[in-house]
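Trainee: Handing you a structure now.
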Amino acid sequence: VQGCVYTNDNTNACSDNNVCTQTDSCVAGACVGSNPMTCNDNNPCTDDTCDAATSCQHSNNTAACNDGNACTSSDICAGGTCGGTSINCDDGLGCTLDSCNAATGCVHTSGTASCNDGDLCTEDSCDTKSGCVHVPNSCDDSIACTADSCAAGVCSHVEINGSCDDGDGCTSVDTCVAGVCVGSGVQ
């Protein structure tokens, strides 16, 4: 008596019950999967795997990455997206316009931005060649008998004693009296 005889048929269609294989075929009596599914989503901020029951999985990671922006540093993955901390492009110079170009990084352009040395007794301005220029305020009252100065942005004129010239050719001895040049000694 002869029992059941089973012959392998490698031509039948089959399923290995793994959705991560794309081509299933019979080999030596078993269904074998091949041609694995590619799950790469080209996102460095996800770990790509394939689950035999559900297909591709893309889990967010916290890997170091490069967001391609020269205006950020310390780039890291968060929530499936690569990002970084904005860099500080301030060069500390009042006469440059500081900005950032995503392709090249910090840019410092000479300009006419305002600059201020904090001294109220100077007029501050930008010069494209020499930077911030501080010119002392003119407190000159054009009176020869006062000493002119500036403090905290306020001009002061202190009376002085001494010789002066009252501009009158008919006087020979001119002196400061109460802040005014007085001529005497008529010639």
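Trainee: Quick one: how many residues across the stretch 131-151 are small (Gly, Ala, Ser), open to solvent by 80 Å² or more (accessible area, probe 1.4 Å) and farther than 28 Å from VAL186 by Cβ?
Mentor: 1
Trainee: Only residues that are among the aliphatic types (A, V, I, L, M), surrounded by 11 or more Cβ atoms within 10 Å (Cβ to Cβ) and not in a loop (DSSP other than H, G, I, E, B): list them for the stretch 152-172, please.
Mentor: The answer is VAL154, and nothing else.
Trainee: A follow-up question, please. Confirm whether VAL19 is modelled with pLDDT of 90 or more and either within 30 Å of THR62 (Cβ to Cβ) or assigned to a loop (DSSP other than H, G, I, E, B) (or both).
Mentor: Yes; evaluated as a whole, the condition is true for this residue.
Trainee: While we're here: Which residues, counting only those in the stretch 75-105, are outside any loop (DSSP other than H, G, I, E, B), in contact (Cβ under 8 Å) with a residue 24 or more places away in the chain and open to solvent by 50 Å² or more (accessible area, probe 1.4 Å)?
Mentor: Matches in the stretch 75-105: ALA78, THR81, CYS100, ASN101.
Trainee: For residues in the stretch 106-121 being at pLDDT 85 or above and surrounded by 15 or more Cβ atoms within 10 Å (Cβ to Cβ), which is nearest to the chain's Cα centre (by Cα)?
Mentor: Looking at residues that are at pLDDT 85 or above and surrounded by 15 or more Cβ atoms within 10 Å (Cβ to Cβ), I get CYS106.
Trainee: A follow-up question, please. Can you name the residue in the stretch 28-64 that is among the polar types (S, T, N, Q), assigned to a loop (DSSP other than H, G, I, E, B) and open to solvent by 50 Å² or more (accessible area, probe 1.4 Å) and, of all such residues, is nearest to THR85 (Cα to Cα)?
Mentor: Looking at residues that are among the polar types (S, T, N, Q), assigned to a loop (DSSP other than H, G, I, E, B) and open to solvent by 50 Å² or more (accessible area, probe 1.4 Å), I get THR62.
Trainee: I need every pair where a residue in the stretch 59-74 that is more than 17 Å from CYS106 (Cα to Cα) and free of Cβ contacts under 8 Å to residues at least 40 places away in the same chain has its Cβ under 8 Å from the Cβ of a residue that is part of a loop (DSSP other than H, G, I, E, B) and open to solvent by less than 60 Å² (accessible area, probe 1.4 Å), sequence separation at least 6 or different chains.
Mentor: Between residues of the stretch 59-74 that are more than 17 Å from CYS106 (Cα to Cα) and free of Cβ contacts under 8 Å to residues at least 40 places away in the same chain and residues that are part of a loop (DSSP other than H, G, I, E, B) and open to solvent by less than 60 Å² (accessible area, probe 1.4 Å), the close pairs are ASN60/CYS45; ASN60/GLY80; ASN61/CYS45; ALA63/CYS45; CYS65/CYS45.
The values are calculated or read from the model by the stated rules, or taken from the named source; none is laboratory data. Predicted model only: the values in this text are computed from it and were never measured. Ideal geometry is used to build each Cβ from the backbone, glycine not excepted, and the neighbour counts take in all protein chains shown. Just the protein is used for accessible areas: all its heavy atoms, side chains included, with ligands, DNA and RNA removed. Shrake-Rupley method; radii C 1.70, N 1.55, O 1.52, S 1.80 Å.
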